[in-house]
Structures are given as C-alpha cells and as structure tokens.
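Before any comments, here is the structure.
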Amino acid sequence: MILVVGPLGAGKLAYVKSLGYCDEDIAPGILDERPVINDVQAWILAENASCEEMVSRLINKEVVICREIGSGIIPMDPQQAAKRRLVGHVCNCLAQEAVQVIRLICGIPKRIK
Amino acid sequence: MHMNILITGGAGSGKSTYALQYLCKLPAPRYYVACMKPVGEEDWATIARNRRERQGLDIETIEIYQSLYHFHIEPAASLVLECLCNLLANEMFSAQGVDFRAAERIEKSIMRLAAQCENLLVVTNEIGGDGIDYPPETMAYIQALSWLNRRLAQSFDQVCELVCGIPCLLKGNEVKE
C-alpha cells in the first residue's frame, strides 16, 4: 500500500493518476472494491470504529489518499478534536504498514518513507 | 552535546511519541514539562494517555501552565516542553483579557531555558492551516504562535516536522546514533 498525504489542493490526486490510476479506480471517501480510496479523512470522520479496525480495513488498498486536517485551531468540541486526532493516528498506523509514504506540497511529491 | 530542537506537526501526527523517544536516548536527568491545564474530560484522558507513555522511562514530570520565566533547571538536564500552543494560550488569555506581549515573554523564557539546560525539545503545532477566519483574538493567537514558531526555528539547532509519525527534518543535520 502507498499512503499519499498532503493539504487540500496540494496535488495528491494528480500524483496518484500519474502512477497509472484513472478515475474509475478511485473511490471518493467510501470503502468499496476500487483499489484507491481518496479523502480517507472523510471516511474516518464518518466511521464509528476503532483505529485498529479502520487500519485493518484500509490495509489492503493499493493507494490510500488522506488530506491533512490537523494543522488548524483545535476544535472547541472535544469529540471533534478527538476525531481529528484519530485521523492522525490512523495515518500513523497506515504509514508503518505502507511500502511508501508520499507527501505532496505545492504539487511536489516527496517520498518520506 | 548541547541541542535545541523544535518539533512540529498536525494533530495526532506523533509529536509526543517522537519527543519522548528522543528524550529517552539522552542522558539523565530527564524532565517532561507539561503545559496543558486540564479543563475537561478529554484533557484528563490525554494527560492519562501521555502519563502511560512515560511510565517506567525515568522521566520526571513538572507541570508549568504559565510564567515559565521563573523556572530554573540544572545544567545537565534534558527536557521536553509540551506544548507551546498550551503555554501560549494560558499566558495570552485570562479573565483580564488578551495579553499581546505573551509570545515575546515566552520566547525570552524559552531561550533562557535553552541556555540553562543541556538539551531542550519544544513541541509545537501549525495551527494556521485550516483556512478558517476566526474572531480577532483567535487570529491574534494564531499569529502569535506562528511568530513564536518562526523565532524558535531560527535560533534552534534542529526543526523537525512529524508527518504520519515520520520525522521529517526541516532544519539541521540528522543526529548520528
């Protein structure tokens, strides 16, 4: 599995398409049979499951794309704050299992693992 | 070897874990300076989680919520200060209102602390990345923390950003183990 992360509009999707994936391969924030899941943060935020459970369900994807959402003001609502941290924790676990971790900034992919 | 390191990264990116792992490789005495003043259930849960992480690691915990300037530490000490966001919020906002000099004061205190001890690891966060316009006092806080981050990054030996639990060096050289 390749984990692709970066802020909104950093070029994550374009990078994944450059690897040879087309629109039909990419699931938008939902978990189905397609090999790539985009906006996994939206799926994590909506899903009611533990970190371990989510990781185990994502681990067999070829590519997981996550928008970084943890670099803002901590939400006032503690549950929202915890959810935001959970997105981070799921990504930490996925990164450990991933063959590669790619971070996009200004459209530039940087391999950090 | 004297080292000052600034550790940044988003929520849940592994900053604390990295800081503690790093601290454990440094010679004793080791201190963990906790700056989060617990206000709700979630805060206590975070504190409990962090305490569990430090269990059996030979790290002494010190709680400092504000007025870091009065704090003294022995020259051989290595310490983790977590985190700048809390320290600034505690120092900047009170019943009396907003203190716009807080960031300057904290910078001086941290530089003084850095000069006192052997190794200082400061945990911070990038909080200006959500594209939301907040009320003026919150915007002032974002500006103040970003200013502090820039100032410390300038003076410190190493700046490290945690991404998905992976340390990415922004400034300085990799430490040979």
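Taken together, the values in this text are just the output of simple stated rules run on the coordinates, not laboratory data. Because the structure is predicted, anything quoted here is derived from the model rather than measured. FYI the Cβ positions are ideal-geometry reconstructions off the backbone, even for glycines, and counts take in every protein chain you see.
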In debye, nearest 20, what is the charge dipole magnitude of chain A about its Cα centre with +1 on Lys and Arg Cβ and -1 on Asp and Glu Cβ, if you could check? 540 debye
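Can you give the average number of partner chain beta-carbon atoms within 10 Å of each beta-carbon in peptide B:6-19, as a whole number? Provide the component values of the computation, followed by the final result.
On the way: counts 0, 0, 1, 4, 12, 16, 15, 11, 5, 1, 0, 1, 0, 0.
Going residue by residue through B:6-19 and averaging, the value is 5.
Counting Lys and Arg as +1 and Asp and Glu as -1, each charge on the Cβ, what is the dipole of the stretch B:3-171 about the Cα centre in debye, to the nearest 20?
Values: 15 positive and 20 negative charges, 79 e Å.
Approximately 380 debye in magnitude.
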What shape does the protein assembly as shown take by its C-alpha gyration tensor, where a ≥ b ≥ c are the square roots of the eigenvalues and a/c under 1.5 counts as rounded, a/b above b/c as prolate, and the rest as oblate? prolate
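What average count of beta carbons from other chains do you get within 10 Å of the Cβ of residues in B:32-42? Walk me through the numbers on the way to the answer.
Working: counts 0, 0, 0, 0, 0, 0, 0, 1, 2, 1, 6.
Taking the mean over all residues of the peptide, I get 1.
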Using alpha-carbon positions, the gyration tensor of the stretch B:125-177 gives root eigenvalues a ≥ b ≥ c; with a/c under 1.5 called rounded, otherwise prolate if a/b exceeds b/c, else oblate, the class is oblate
Given charges at beta-carbon only (K, R positive; D, E negative), |dipole| of the protein assembly as shown in Debye: 660 debye
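Taking 0.36 nm per residue of separation and subtracting the Cα-Cα distance, what length does fully extending A:Ala82 through A:Ile30 add? Walk me through the numbers on the way to the answer.
Working: separation 52, 0.36 × 52 = 18.72 nm, distance 2.11 nm.
Between A:Ala82 and A:Ile30, full extension yields 16.6 nm more.
Say R0 is 22 Å: what FRET efficiency, to the nearest 0.05, do B:His70 and B:Ser94 get from their beta-carbon distance?
Details: r = 17 Å, r/R0 = 0.77.
The pair B:His70/B:Ser94 has a calculated efficiency of 0.85.
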According to the square roots a ≥ b ≥ c of the eigenvalues of the Cα gyration tensor, what is the shape class of the stretch B:3-171, taking rounded for a/c under 1.5, prolate for a/b larger than b/c otherwise, and oblate for the remainder? rounded
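Averaged across the residues of A:89-96, what count of C-beta atoms belonging to other chains lies within 10 Å of each residue's C-beta?
Working: counts 6, 2, 8, 9, 2, 2, 6, 3.
Mean partner shielding for this stretch: 5.
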I'd like the distance separating the alpha-carbon centroids of the stretch A:1-33 and the stretch A:77-113, in whole Å. 14 Å
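Taking other Cβ within 10 Å of each residue's Cβ, how do B:Trp44, A:Trp43 sort, fewest first? Display every interim value, and only then the final one.
On the way: B:Trp44 11, A:Trp43 22.
By the 10 Å Cβ count, ascending, the order reads B:Trp44, A:Trp43.
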Specify which residue in the list B:Leu87, B:Gly172, B:Val33 is farthest towards the positive end of the charge dipole of chain B, using unit charges on the beta carbon of Lys, Arg (+1) and Asp, Glu (-1), about the Cα centre. B:Gly172
Residues B:Arg54, B:Arg112 arranged by fewest to most Cβ contacts within 10 Å: B:Arg112, B:Arg54
Rounded to one decimal in nm, the spacing of the 7 Å Cα→Cβ label points at B:Ala153 and B:Tyr134 is 1.8 nm
For the stretch B:1-60, with the dipole built from +1 on Lys and Arg beta-carbon atoms and -1 on Asp and Glu ones, taken about the Cα centre, which of B:Gly9, B:Gln55, B:Tyr22 lies farthest toward the positive end? B:Tyr22
For the stretch B:149-168 and the stretch B:3-60, what is the separation of their Cα centres, given in Å? 16 Å
So the angle from the long Cα axis of helix B:41-54 to the longest Cα principal axis of chain B, reported in degrees to the nearest 10, equals 10 degrees
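Kindly provide the GluC sites (Glu not before Pro) of the stretch A:1-93 that DSSP labels as loop, not H, G, I, E or B, and whose Cβ sees at most 10 other Cβ atoms within 10 Å. Please list the in-between numbers first.
Numbers: sites: A:Glu24, A:Glu33, A:Glu47, A:Glu52, A:Glu53, A:Glu62, A:Glu68; in loops: A:Glu33, A:Glu47, A:Glu62, A:Glu68.
Passing sites in the stretch A:1-93 are A:Glu33.
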Among B:115-123, A:104-112, the order from most to least packed when residues are scored by Cβ within 10 Å on average: B:115-123, A:104-112
